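Engineer: Below you'll find the structure I mean.
The values are calculated or read from the model by the stated rules, or taken from the named source; none is laboratory data. Computed from a predicted model, the values in this text were never measured in an experiment. Note that each Cβ is placed from the backbone with ideal geometry, even for glycine, and that neighbours are counted across all protein chains shown.
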Amino acid sequence: MANTLSARLLAIVEALPLRPGMRVIEIGCGPGAMAREIASRIGDGHVLAIDRSATAIAQAEASSSAEIASGRLAFRRAAAEDFVVEPGEARYDLAVAIRVGALDGRHPEIGDQAIRRIADALTPNGRLFIDGGDPLREVRLKRG
């Protein structure tokens, strides 16, 4: 399996409230190492990993053929602020975004739009976690 997880990303995965059967979105997946680790921890759940970079998505797909074939992992090219679930796609239970520029506070209008798009993709009780805590912090989502 390509690109093993750094200690920092492993600590983040371990801090997430993952459970079997969960549907998870990873925003800004890069080469997909964290998405693969999450997929390995949620049994028959599903991870959708997105990234704005076509190169990152290609690398992630190339390293994740077994997980993709099993149906537990999918990749999609999308920026956080432009992401929407596809027609008929089930909502997600949890979203995680690590080192995502749209959510780092430097561009509040883009960050607000990204958070709205993520909230729309989650179930009514869905939760969003980003970096900046120890090791994570939860973003409180405004609903409706």
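Engineer: I'm trying to understand the selection: among the residues of region 79-103, which are touching an Asp or Glu at 6+ places or on another chain (Cβ under 9 Å) and either without any contact (Cβ under 8 Å) to a residue 24 or more places away in the chain or closer than 17 Å to M22 by Cα (or both)?
Structural biologist: If the condition is that a residue be touching an Asp or Glu at 6+ places or on another chain (Cβ under 9 Å) and either without any contact (Cβ under 8 Å) to a residue 24 or more places away in the chain or closer than 17 Å to M22 by Cα (or both), then V85, R91, A95, V96, A97, A102 are the ones that fit.
Engineer: Separate question: In region 27-47, what residues are surrounded by fewer than 24 Cβ atoms within 10 Å (Cβ to Cβ) and under 16 Å from V100 (Cα atoms)?
Structural biologist: G28, G30, P31, A33
Engineer: Just checking, does region 80-101 include any residue being under 15 Å from the mean Cα position of the chain (by Cα), of a type in the set (G, A, S), surrounded by 20 or more Cβ atoms within 10 Å (Cβ to Cβ) and farther than 23 Å from R116 by Cα?
Structural biologist: No: zero hits.
Engineer: Go through (1) within 13 Å of the chain's Cα centre (by Cα); (2) at pLDDT below 95; (3) not aliphatic (A, V, I, L, M) one by one and return the number of the condition G126 breaks.
Structural biologist: (2)
Engineer: Let me ask something else. Any chance region 106-127 includes a residue that's within 20 Å of A35 (Cβ to Cβ) and free of Cβ contacts under 8 Å to residues at least 24 places away in the same chain? Full working, then the answer.
Structural biologist: Kept after step one, since they are within 20 Å of A35 (Cβ to Cβ), are these residues of region 106-127: 114, 117-118, 121-123, 126-127.
Of the ones still in play, those that are also free of Cβ contacts under 8 Å to residues at least 24 places away in the same chain are none.
Scanning region 106-127 turns up no residue that is within 20 Å of A35 (Cβ to Cβ) and free of Cβ contacts under 8 Å to residues at least 24 places away in the same chain.
Engineer: Name the single residue, out of those in region 97-127 being among the aliphatic types (A, V, I, L, M) and part of a helix (DSSP H, G or I), that is nearest to P87 (Cα to Cα). Give the derivation first.
Structural biologist: Restricting attention to region 97-127, the residues satisfying the condition of being among the aliphatic types (A, V, I, L, M) are 97-98, 100, 102-103, 110, 114-115, 118-119, 121-122.
The next check asks that each one be part of a helix (DSSP H, G or I); those that pass are 102-103, 110, 114-115, 118-119, 121.
Details: A102: 24, L103: 25, I110: 24, A114: 19, I115: 20, I118: 15, A119: 16, A121: 11 Å.
This residue is A121.
Engineer: Next up: I need a count of the residues in region 102-111 that are surrounded by 14 or more Cβ atoms within 10 Å (Cβ to Cβ) and either touching a Cys at 6+ places or on another chain (Cβ under 9 Å) or more than 22 Å from V13 (Cα to Cα) (or both). Outline the logic, then answer.
Structural biologist: Kept after step one, since they are surrounded by 14 or more Cβ atoms within 10 Å (Cβ to Cβ), are these residues of region 102-111: 102-104, 107, 110-111.
Subsequent filtering for residues that are either touching a Cys at 6+ places or on another chain (Cβ under 9 Å) or more than 22 Å from V13 (Cα to Cα) (or both) retains 107, 110-111.
Matching residues across region 102-111 total 3.
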